[in-house]
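Quick note: the coordinates plus some simple rules give every number you see, no bench work behind them. All figures in this text were calculated on a predicted structure; none of them were measured in a lab. Please note: Cβ atoms are built from the backbone with ideal geometry, for glycine as well, and neighbour counts cover all protein chains shown.
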Amino acid sequence: MGPARPGFVHPADGAQVRRLLAFFGPRVLYGLRGVEMRQAVDHGRPGMLLAALTQPGQAVLYEQPRPPWLFAGRLDEVSHQRLVRAGALVREAGGLTRVAWTAEELRDFMLFDGLMHEIGHHIIENNAGDGGARVMRTADHEARADAFAAACRRAWKAEGHW
Amino acid sequence: MSVRARLVGDGLDHPGNARALADAASMFGIPVLLRGGRAAAGRHTNGAISPLPTVDTATLLGLRPIVAVENVHGAEPVFTSRLPAGSPTIVVGNERRGIASDVLRAALTCVRIPLPSRSINTLNVAAAAAVALYYLLRGSPAGGTRRGAGPAQRPAVLLLGPSDHVEAGSALRSAAAFGWRAVQLDDRNNVWFGTRRSQRTEARAAARSHRSGLRVHGVRADEHAGSARIVVATVHADGPPLHRTKLVGGAGTLVVIPDEQAIDGGTTSSSIFGPGVERARIDLPAVAGTYRYRLAASIVLAEISRQLGSRPHRAARRPRYPSAVSTIEADADLVTPAELSTY
């Protein structure tokens, strides 16, 4: 785990990640080699990187700025809906976008829309077998990973955890 | 009259390459055509030399089946490829841009020349044509490359007495592309070392010296007399065909490629290396009167590379699926200082 830089945080800690993975059990753990927490990197596009599947079975959660987040410009439609759905308060004014979070909402956002979303990608790849071949269109891959993350969030909430 | 095959240069820009391509076709006894490019526009004629025949796009696309020699995804290695039945048209592309997309789309098959180098990933266009023709026109595939002798069996190579600096440079480029990191050169005609500055520049450019990383060691061929095993690959001399000769064997094996425009590969090799030297014949159907060092050398180097085998296969890197919050940059208008002061 790479410590977060000043002004940044890892919204979910290692114990919370382990607890979440243990809750979902073998379904998400199969083939998962590790979850890393790293400092943020430039991914070459405007915006912020949340998480990634860097190689098969290896998920990475990136540090995030302390809330509230301020962006130059506005959020794209998909990101806007995703943040609002996760409970963020999004305000756009004067060419700036402000995203306010509570600590719990940001933690859950990183765990479900970050980590479980990437594990959704991992499960699709893992079920398709070896070979590195393209399994499906990227848009379909993303949609299925999103659906998996949403299902995990519902299952977790239904049990009343945290 | 039907021809066995024909060679087409698509969009070649360099007149020297067009001439070398014509020589490659001539070495294999097939006609050559040019489509587009500056070389086809007649600039290579230079008064004394007759222009090469050209072909327009509609005619070329009608000359099917088309076999494209291009390093594209899914292309078959030339070592294991077969020519389609009929009178196929083998197309090689522009020096930088490759084959135009209309021809690629019309091609029945694409073949590639496997190159182990990570720094030089293309051959000179005429050299590529010669290598492709050598394997495609042989009738039966030369065999797979996966179970080769392995990289430890790579032999030492000696380029013996090239008589032209560009030919020497192109041969060295082929050596780098086929994975050699060092090559020995007997520069008895002073085309590489100690030559004029202009020739030197041209030769280094042809060899892609600025990025190949190939070390060229100047040697005298007779220093090798008495080496463990020496194989001289020649066009004219008698000997078993190249593909039936074991050209690999590690650093203890020396493969000599003489420039037979200046050196008789048969008698000279014996006089330099002694009676125990082995010979391998480069099978070319119509070499009489046509010879280019870069073409012959590239064929020999390709055959050694085939015998060594391809690099271990690595699975393609899986796609990453970064999850991000994406933003759209703020809209902004640019104003000039004059507009600002007016405002």
Per the Kirkwood formula over distinct C-alpha pairs, the hydrodynamic radius of the stretch B:151-308 in angstrom is 15.4
Per the 1/(1 + (r/R0)^6) rule, R0 = 22 Å and r from the Cβ atoms of A:Val41 and A:Leu96, FRET efficiency to 0.05 is 0.40
Rounded to whole angstrom, the alpha-carbon centroid of the stretch B:180-250 lies from that of the stretch A:70-126 at a distance of 61
Length gained if B:Arg229 through B:Lys246 is fully extended, taking 0.36 nm per residue and subtracting the Cα-Cα distance, is 5.0 nm
Placing one equal point scatterer on each C-alpha of the stretch B:91-226 and summing with Debye, one gets log10 I(q)/I(0) at q = 0.09, 0.11, 0.15, 0.21 Å⁻¹ equal to -0.33, -0.48, -0.86, -1.34
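Give the average, rounded to an integer, of partner chain Cβ atoms located within 10 angstrom of each Cβ in A:50-61. Walk me through the numbers before you get to the answer.
Details: counts 4, 4, 5, 6, 4, 3, 3, 0, 0, 2, 3, 1.
The mean count of partner-chain Cβ atoms within 10 Å per residue comes to 3.
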Calculated from DSSP helices alone, with each H run of at least 4 adding -39500 (n - 2.57) and the total divided by the residues of chain A, [θ]222 nm to the nearest 500 comes to -11500 deg cm²/dmol
Any residue on another chain or 5+ positions along whose placed amide H is under 5 Å from the amide H of B:Arg229 is listed here as B:Leu254
Restricted to the protein assembly as shown, the DSSP antiparallel beta bridge percent, nearest 5, is 35
For B:Asn94, other-chain or 5+-apart residues with amide H closer than 5 Å (H placed, Pro excluded) are B:Asp10, B:Ile99, B:Ala100
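With a cut-off of 8 Å between alpha carbons and a minimum separation of six or more residues, what is the relative contact order of chain A in percent? Before the final figure, lay out each step's value.
Details: 205 pairs, mean separation 33.4, N = 162.
Relative contact order here is 21 percent.
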The set of residues whose placed amide H lies less than 5 Å from the amide H of B:Glu76, leaving out same-chain residues fewer than 5 positions away, is B:Cys110, B:Val111, B:Arg112
The Cα extents of the protein assembly as shown along the principal axes, largest first and rounded to whole Å, are 90, 65, 49
Under the rule rounded for a/c under 1.5, else prolate if a/b exceeds b/c, else oblate, using alpha carbon gyration tensor axes a ≥ b ≥ c, the stretch B:152-227 is classed as oblate
Simple SL model, points at 7 angstrom along Cα→Cβ for B:Ala182 and A:Ala86; separation in nm is 5.6
Cα extents of the stretch B:6-136 per principal axis, largest first, Å, are 42, 35, 27
Neighbours of A:Arg98 by Cβ distance under 9 Å: Lys/Arg at +1, Asp/Glu at -1, summed charge 0
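Could you work out the local net charge near A:Gly7, counting Lys and Arg as +1, Asp and Glu as -1, over the other residues with Cβ closer than 10 Å to its Cβ?
Working: positive: A:Arg5, A:Arg66; negative: A:Glu63.
Cβ neighbours under 10 Å give a net charge of +1.
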Magnitude of the Cβ-charge dipole (Lys and Arg +1, Asp and Glu -1) of the protein assembly as shown about the Cα centre, nearest 20 debye, reported as 940
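Calculate, in nm to one decimal, what A:Phe8 and A:Gln55 gain on full extension: separation in residues at 0.36 nm each, minus their alpha carbon distance. Could the numbers behind the result be given before it?
Details: separation 47, 0.36 × 47 = 16.92 nm, distance 2.49 nm.
Contour length minus Cα-Cα distance gives 14.4 nm.
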Dividing the surface of the Cα convex hull of chain A by four yields a projected area in nm² of 9.7
Expected integer from the mean partner chain Cβ neighbour count at 10 Å over A:74-81 is 3
